[in-house]
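Enquirer: The structure's right below; bear with me while I get my questions together.
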Amino acid sequence: MPDLSLWTLIFLVVAAFAAGWIDAVVGGGGLIQLPAMLLGLPGATPAQILSTNKISSLCGTTTSAVTFGVKVRPDKRTVIPLAILAGLGSAAGALVATRIPMSWFKPIVLVLLVGVAIYTAMKPSLGARTALRFDGKDHYLAACAVGVLIGFYDGAVGPGTGSFLIFALVGFLGYNFLQASAKAKIANVATNLGAIAVFAVSGAPLWILGLIMGAANMLGGLLGARTAVARGSRFVRIVFLVVVSALILRLAYDVFWG
């Protein structure tokens, strides 16, 4: 546990709670939690911040995944292989996280997010109802491909993983936003576990701080998941566009002025 002032700890806990709520609804909680940790832990290494962020996020995603699992009941035959391969992809991504310059990823991610936002905004009916685009084996292969690719991204880079998962499940596989959020949260549990397993070997995580923030993230995740279930796919779509737009602005600043 680093030597923190009370106000810094409160700041990190509040940020973790807000991140948990956003993450449960549409993903993208890292948009709040990671910058907060960079401000509150100026002496920490990148590996310490990334791994501690994963510990906190794991607490929240587990809570929201359980809530979605009970309330929405996602298809196990799709979500289990999706989660397993996402976890393996995340572990592979974490292995190369310290070897690939972030500057390589940010412009690509920025372009992808702009495309995601435009496509979602131009199609108001997107994600309003489930209309699967693949049948049988093709459907499960597509889900596995989504898990591996986005899981690797989460382990290597991270920001926007939940949003990318939801968009892939809506735009590529054909789920509605609520079903996509439920599956994305379960896959996110696996990606967090995969990355933590790799980071823990090097002793990077700040475990006590991560668990304290994780408790706040858990409360935010529980509230966010219940809000999403109660308000439905239309609400999730609106929050999705707001979070993706904020992430675009953040990445644009990093790419052009950061």
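Enquirer: To the nearest 20 debye, what is the magnitude of the charge dipole of the chain about its Cα centre, counting +1 on the Cβ of each Lys and Arg and -1 on the Cβ of each Asp and Glu?
Expert: In total the dipole reaches around 760 debye.
Enquirer: Here's another thing I want to ask about it. Could you put 99, 129 in order, starting from the residue whose Cβ has the fewest other Cβ atoms within 10 Å?
Expert: 99, 129
Enquirer: How would the range 103-185 be classified by its alpha-carbon gyration tensor: rounded, prolate or oblate, with rounded meaning a/c under 1.5 and the a/b versus b/c comparison settling the rest?
Expert: oblate
Enquirer: For the chain, with a Gaussian network of springs between Cα atoms less than 10 Å apart, report the residue from 24, 142, 187 with the top mean-square fluctuation.
Expert: 142
Enquirer: Which order do 54, 137, 185 fall in if you start with the one that has the fewest other Cβ atoms within 10 Å?
Expert: Fewest-to-most ranking of 54, 137, 185: 137, 54, 185.
Enquirer: Counting alpha carbon pairs within less than 8 Å and at least 6 residues apart, what relative contact order, in whole percent, applies to the chain?
Expert: Relative contact order here is 41 percent.
Enquirer: How big is the shadow of the Cα convex hull of the range 174-243, averaged over all directions, in nm²?
Expert: It is 5.7 nm².
Enquirer: Can you give me the span-like helices of the chain, meaning DSSP H runs with 20 Å or more of Cα extent along the axis and Kyte-Doolittle mean at or above 0.0?
Expert: Helices meeting the span and hydropathy rule in the chain are 6-25, 46-71, 76-96, 102-122, 136-156, 177-201, 207-231, 233-256.
Enquirer: Net charge near residue 209: determine it from the other residues with C-beta under 14 Å of the C-beta of residue 209, scoring Lys and Arg +1 and Asp and Glu -1.
Expert: Taking every Cβ under 14 Å from that of residue 209, the sum is 0.
Enquirer: Within 10 Å of each residue's Cβ, count the other Cβ atoms and sort 254, 138, 3 from fewest upward.
Expert: Result, fewest neighbours first: 3, 138, 254.
Enquirer: Based on Cα coordinates alone, diagonalise the gyration tensor for the range 11-131, multiply each eigenvalue by 5, take square roots, and list the semi-axes in whole Å, largest first.
Expert: 26, 20, 17
Enquirer: So what is the calculated 222 nm ellipticity per residue for the chain, using -39500 (n - 2.57) for each DSSP H run with n of 4 or more, over all residues, to the nearest 500 deg cm²/dmol?
Expert: It lands at -27000 deg cm²/dmol.
Enquirer: At 0.36 nm per residue, and after removing the present C-alpha to C-alpha distance, how many nm does the segment from residue 234 to residue 6 gain when stretched out fully?
Expert: 78.2 nm
Enquirer: Return the lysines within reach of residue 54: Cα separation strictly under 27 angstrom, same-chain partners fewer than 8 residues apart disregarded; answer none if there are no such residues.
Expert: Correct list for residue 54: 71, 76, 106, 183, 185.
Rule-based calculations on the coordinates, nothing more; no lab input. Everything quoted here is computed from the prediction, not taken from an experiment. Note that we place each Cβ from the backbone using ideal geometry, even for glycine, and neighbour counts take in every protein chain shown.
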